[in-house]
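The structure under discussion appears below in the form of structure tokens.
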Amino acid sequence: MLEDQPVHPMYGRYSLRDWHLVNDSVREILTAPELTKTVAQVTGADSLVLWRSKLFEKFPGDGAIDWHQEYGYFDGEEVGGHRPALYPFNPAGQWDWTMWMALTDVSEDDGVMEFVTGSQQTAYPKRMVKLTESGAYVDPRNRVRTREDLLQRAANNSLLLDIDTRRVFEGIDTDAHSVDELFGVLDKHLDSLLAVVTEPFELAPGATKTTPMKAGEYVIFTERCMHRSRASLPGAKMRLALNARYTLGDTWVYPQRATHDTFDGSNLDIRDHQCVQVHGDSFNPLNTYL
Ligand SMILES: [Fe+2]
């Protein structure tokens, strides 16, 4: 998948998300009774659905995914998004957990996960930065050369993977502008978007734990716990991981599907998304299930 960059059959573009919905082998791993029983045990949940998965690759020399915590709405704030993916029945409780499984051995040197012990009790301060100055932004000028290509990709949301560009050129006479001028319009639009990053914070010695793993081992955690994946050192090996997110059975998943706009906070068209029931027998009737 990483080499061939296949178009995701459900999302119509290249994506590392939710292959469990279209690939039996991925789904078998993430719904294996040995695994889901453990998720149910550690979370104490009566009912659980698998609603998201993602493949994570880290090549030698890749940087860290910086410290972050997530209170469980998954609205895409890290890429300037504002569309909650989950609407919990009881927002005062916990409703989402992440399972992170190593697909290759992960040492301290090749992108290991690291957690701040006890940090799930505290919401750390965050701040907004210009999206174009956040780590998530890749300038499309290297790949897009013509006006037609630029306009088409913006219209079908394949210009910037995580960012909705469908309305960037709304109200503009695009025929009257050169491709450079249109890129200027895009820049202006992007300059108005802000992404959320965690403010730098002090760490006492011994306050964090890393989780080196053998392939097939996994960790289950609440994303309220401050975490990051460390950088991969030059000369380290390529590491692969698969994560899965499980939410309580009564959570409403992708509530904005009730509107006409079916793009989520990370700019994927989730109109055909389905939840997978993995534990219990009480499930929100507003969701669709595989
Ligand atoms: Fe995370």
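Using the Cα atoms of the stretch 132-195 to build a convex hull, what is its mean projected area in square nanometres? If you can, show how the numbers build up before the last one.
Working: hull surface 16.4 nm².
The orientation-averaged projected area of the Cα hull of the stretch 132-195 comes to 4.1 nm².
Cross-link candidates for Lys209: which aspartates and glutamates have Cα within less than 12 Å, leaving aside residues fewer than 8 places away along the same chain?
Glu108, Glu114
Residues with beta-carbon under 14 Å from that of Asn284, excluding Asn284: net charge, scoring Lys, Arg +1 and Asp, Glu -1? Can you show the working numbers first?
Values: positive: Arg257; negative: Asp46, Asp96, Asp250, Asp281.
Summing Lys and Arg as +1 and Asp and Glu as -1 gives -3.
Hey, what's the stretch 132-195 come to in accessible area per residue, 1.4 Å probe, Å²?
Roughly 60 Å² per residue, with all protein chains present.
What percent does the relative contact order of the chain come to when contacts are Cα pairs within less than 8 Å and at least six residues apart? Could the numbers behind the result be given before it?
Working: 556 pairs, mean separation 112.8, N = 290.
Contact order relative to length: 39 percent.
Could you give me the percent of Cα pairs per 10 Å distance bin for the stretch 15-119, shortest bin first, beginning at zero and ending with the bin that holds the maximum distance?
For the stretch 15-119, the binned pair fractions read 10, 37, 42, 10, 0 percent.
Take peptides 272-278, 148-154, 119-125, 200-206 and line them up by average Cβ neighbours within 10 Å, highest first, as a rough protection proxy. Kindly include the intermediate steps, with their values, before the conclusion.
Numbers: 272-278: 19.1, 148-154: 17.4, 119-125: 12.9, 200-206: 8.6.
Peptide ranking by packing, descending: 272-278, 148-154, 119-125, 200-206.
Net charge near Lys54: determine it from the other residues with C-beta under 11 Å of the C-beta of Lys54, scoring Lys and Arg +1 and Asp and Glu -1. Kindly include the intermediate steps, with their values, before the conclusion.
Working: positive: Arg17, Arg52, Arg245; negative: Asp18, Glu57.
Result for the local shell: +1.
Simple spin-label model, 7 Å along Cα-to-Cβ: Ser192 to Thr38 in nm?
The two pseudo-label positions are separated by 4.7 nm.
Around Leu160, what is the net charge, scoring Lys/Arg as +1 and Asp/Glu as -1 over all other residues with Cβ under 13 Å from its Cβ? Kindly include the intermediate steps, with their values, before the conclusion.
Details: positive: Arg13, Arg141, Arg143, Arg153, Arg166; negative: Asp139, Asp162, Asp164, Asp187.
The answer is +1.
Find which of Met10, Gly93, Gly235 sits farthest along the positive direction of the dipole of the chain, computed with +1 on the beta-carbon of Lys and Arg, -1 on that of Asp and Glu, about the Cα centre.
Gly93
What nm distance separates the two modelled labels at Lys214 and Tyr71, each placed 7 Å from Cα along Cα→Cβ?
Label at Lys214, label at Tyr71, 4.0 nm between them.
Report the gain in length on full extension from His82 to Leu233: 0.36 nm times residue separation, minus Cα-Cα distance, nm rounded to one decimal. If you can, show how the numbers build up before the last one.
Values: separation 151, 0.36 × 151 = 54.36 nm, distance 3.37 nm.
Separation in residues times 0.36 nm, less the Cα-Cα distance, equals 51.0 nm.
Where nothing but the Cβ of Lys and Arg (+1) and of Asp and Glu (-1) is charged, how large is the charge dipole of the chain around its Cα centre, in debye to the nearest 20? Don't skip to the end; give the middle numbers.
Values: 29 positive and 43 negative charges, 52 e Å.
Dipole magnitude for the chain comes out near 260 debye.
If I take every Cα pair under 8 Å that is 6 or more residues apart in the stretch 132-195, average their sequence separation and divide by the length, what percent do I get for the relative contact order?
Working: 36 pairs, mean separation 19.6, N = 64.
Relative CO of the stretch 132-195 lands at 31 percent.
When N is the residue count of the chain, what does its C-alpha Rg come to as a fraction of 2.2 N^0.38 Å?
Values: Rg = 19.8 Å, N = 290, 2.2 N^0.38 = 19.0 Å.
Expressed relative to 2.2 N^0.38 Å, the Cα Rg reads 1.04.
At a Förster distance of 25 Å, what's the computed FRET efficiency of Asp24 paired with Thr288, Cβ-Cβ distance as r, to 0.05? Intermediate values should be presented prior to the final figure.
Values: r = 19 Å, r/R0 = 0.76.
Efficiency, from the Cβ-Cβ distance: 0.85.
When the dipole is taken about the Cα centre of the stretch 132-195, and only Lys, Arg (+1) and Asp, Glu (-1) are charged at their Cβ, what size is it in debye, to the nearest 20?
The dipole of the stretch 132-195 has a size of about 200 debye.
Going highest first, how would you order 231-242, 171-182 by mean Cβ packing within 10 Å? Walk me through the intermediate numbers first.
Details: 231-242: 17.0, 171-182: 11.3.
Top to bottom by mean Cβ count within 10 Å: 231-242, 171-182.
Work out the FRET efficiency for Leu203 and Asp180 from their Cβ-Cβ distance, taking R0 = 45 Å, and round it to the nearest 0.05. Let's see the in-between values first.
Numbers: r = 45 Å, r/R0 = 1.00.
In this case the efficiency is close to 0.50.
Between Thr132 and Ala258, what is the label-point separation in nm under the 7 Å Cα-to-beta-carbon projection?
3.7 nm
Round to a whole number: what % of the accessible area of the stretch 46-144 belongs to carbon and sulfur, probe 1.4 Å? Write down the numbers at each step before the final one.
Working: 2500 of 4740 Å².
Summing carbon and sulfur atoms, their accessible area is 53 percent of the total for the stretch 46-144.
Setting aside same-chain residues fewer than 8 positions from Lys130, which lysines have a Cα under 27 Å from its Cα?
The qualifying lysines are Lys54, Lys58, Lys188.
The values are calculated or read from the model by the stated rules, or taken from the named source; none is laboratory data. Nothing here was measured: the structure is a model prediction, and the numbers come from that model. Positions of Cβ are generated from backbone atoms using ideal geometry, with glycine treated the same way; all protein chains shown enter the neighbour counts. When the accessible area is computed, the model is the full protein with side chains, heavy atoms only, and any ligands, DNA or RNA have been set aside. Shrake-Rupley method; radii C 1.70, N 1.55, O 1.52, S 1.80 Å.
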